[in-house]
Amino acid sequence: MKLPYFKFNRKLLVLMLLVATIGTSCANSVNESIKDDRTKLMWLDATANIQRFNNKDTIDYYLTKLKNLGFTDVVVDMRPISGYVMYDSDIAPKLKKWRGDTIIWSFDYMGYYIEKGHSLGLNIQASLNTFVAGHNHFDKGIIYEEDKLDWASMVYRVDGEIVPITNEKQKYSAMVNPINPEYQDYIISIFKELVQKYPELDGLILDRVRYDGFMTDFSELSKTKFEEYIGKKLENFPGDIYEWKKDELGNDYPHKGKYYMEWLQWRSQNIYDFMAKAREEVKSVNPDISFGTYTGAWYPSYFEVGVNFASKNYDPSKEFDWATQEYKNTGYAELMDLFTVGNYYTTITKEEYMKENPEVKNETDMEAQSSIWYCVEGSNENLRRVMGDNKFLGGILADQFYENHDGLTESIKMNLETSDGLMIFDIVHIINKDMWQAVEKGMREANVIE
């Protein structure tokens, strides 16, 4: 075999090998000047990242980068909203195709994150979307299977009709009824299987442990279970909860029925009961694994999704008219080993907020909100009061800062200053918009790294 014609240069070859070695060393070396041990999470959404991250070299590169920036934990999404999973399961179907692209699995995805992450000193946590089982925009997911159609949440629309959420195509998440006993057993079995399959996994973070929104769930199952809760038969369902009316401007609003307050408390109790059950079941497999969750930060309106993430020692009835005196008993903060919130606001300081007074409408809100809660500093200040002695991590939605990288830096600093750590969702935004300098600046100015 003839070699290509060039003059062999031994010195050049040595130099090339040296450069390659130095480059590899730099790419895989770990920053020793990290000064902060608070929990700082970077989230990796499943479907947004799988094509880029489905190889070991990419995982190596970005985990090393995250470690050098001062992150302590990487959250790997293992069950996206479709209900398909990212590992070989005996219970749930594995994600094989997304948006027309075939996913080729050539290695144990989660297993390699754990192996590489632990070698760098990173914790690896798995996130799982909980009360959702399909993507409504693509009609993809297990909820569309014939024997699982009754898992779907029933939506009480403003026209008075009650329909499955799978018919509501303006909603991308095909959410399930949280109290469906068959589904509860199913999803908890997935939690346990994942924890058993990966005994070195550092934690679970449950996402979407909630109702879809204020308009769900109005199924016959929910009606029956609510009647058992109050010890009475409903004469008019859903009117005994609320009826949709129009105000003088023609806007739809819920006119409260006689059991409205009890309904809100019952929904929150359902979520508390599930969290307690899920924690117990997960810990039965691995008592040492961290049990965590993510929620939105907007507590004043989070009752709309049936969630009370506050401390059991905080009484919201003293502050909010949607809470009964017993509502405080549904606070689940003490069940969590790790809790992260989404401070998804582009206004960072209270001073800025007072000047601009922006209205904010978060994903789960029926209406836009306006109060000091809706800036990063004000949110964390109020959450500190609501959460009591329980720690929480302030979270950032990175795509809100596509055109304002300095805002990302400031949000990182403020969350680290006023909460107990940091969560950034999602790495895909940081990569696609090359926001790494903003992240590094925020970590450096927050004294996480030198």
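Cβ crowding within 10 Å, taken as a proxy for footprinting-reagent exposure, orders His429, His137 from fewest neighbours to most as His137, His429. Considering only Cα-Cα distances, which of the following residue pairs are longer than 30 Å: Lys96/Lys413; Lys391/Lys441; Lys97/Lys169; Lys256/Lys328; Lys328/Lys355? As for pairs spanning more than 30 Å Cα to Cα, those are Lys96/Lys413; Lys328/Lys355. Here Val85, Val428 are placed in order of increasing Cβ neighbour count within 10 Å, fewest first, which gives Val428, Val85. With neighbours defined as other Cβ atoms within 10 Å of a residue's Cβ, the residues Ile412, Ile188 order from fewest to most as Ile188, Ile412.
With an a/c value of 1.5 or above and a/b larger than b/c for the gyration tensor axes a ≥ b ≥ c computed over the alpha-carbon atoms, region 234-321 is described as prolate. The slack between Asp399 and Ala368, meaning 0.36 nm per residue of separation minus the straight C-alpha distance, is 9.2 nm. In this Cβ point-charge picture (+1 for Lys and Arg, -1 for Asp and Glu), the chain has a dipole of about 1660 debye about its Cα centre.
For region 113-239, a crude dipole built from +1 on the beta carbon of Lys and Arg and -1 on the beta carbon of Asp and Glu, taken about the Cα centre, is about 320 debye to the nearest 20. Lys233: which aspartates and glutamates have alpha carbons under 16 Å from its alpha carbon, excluding same-chain residues fewer than 8 sequence positions away? The qualifying aspartates and glutamates are Glu220, Glu262.
Computed over the chain, the per-residue total of -39500 (n - 2.57) for DSSP H runs of n ≥ 4 gives a 222 nm mean residue ellipticity of -11000 deg cm²/dmol, rounded to 500. Secondary structure note: in the chain, about 30% of the DSSP beta bridges are antiparallel.
Database remark: amide H of Tyr344 closer than 5 angstrom to the amide H of Ala297 (H placed geometrically; neighbours at sequence offset of 5 or more, or on other chains; Pro and chain starts carry no H).
All of the numbers you see were taken from the coordinates with simple rules; none came from a lab. In this text the structure is predicted, and so the values were computed from the model without any measurement. Note that we place each Cβ from the backbone using ideal geometry, even for glycine, and neighbour counts take in every protein chain shown.
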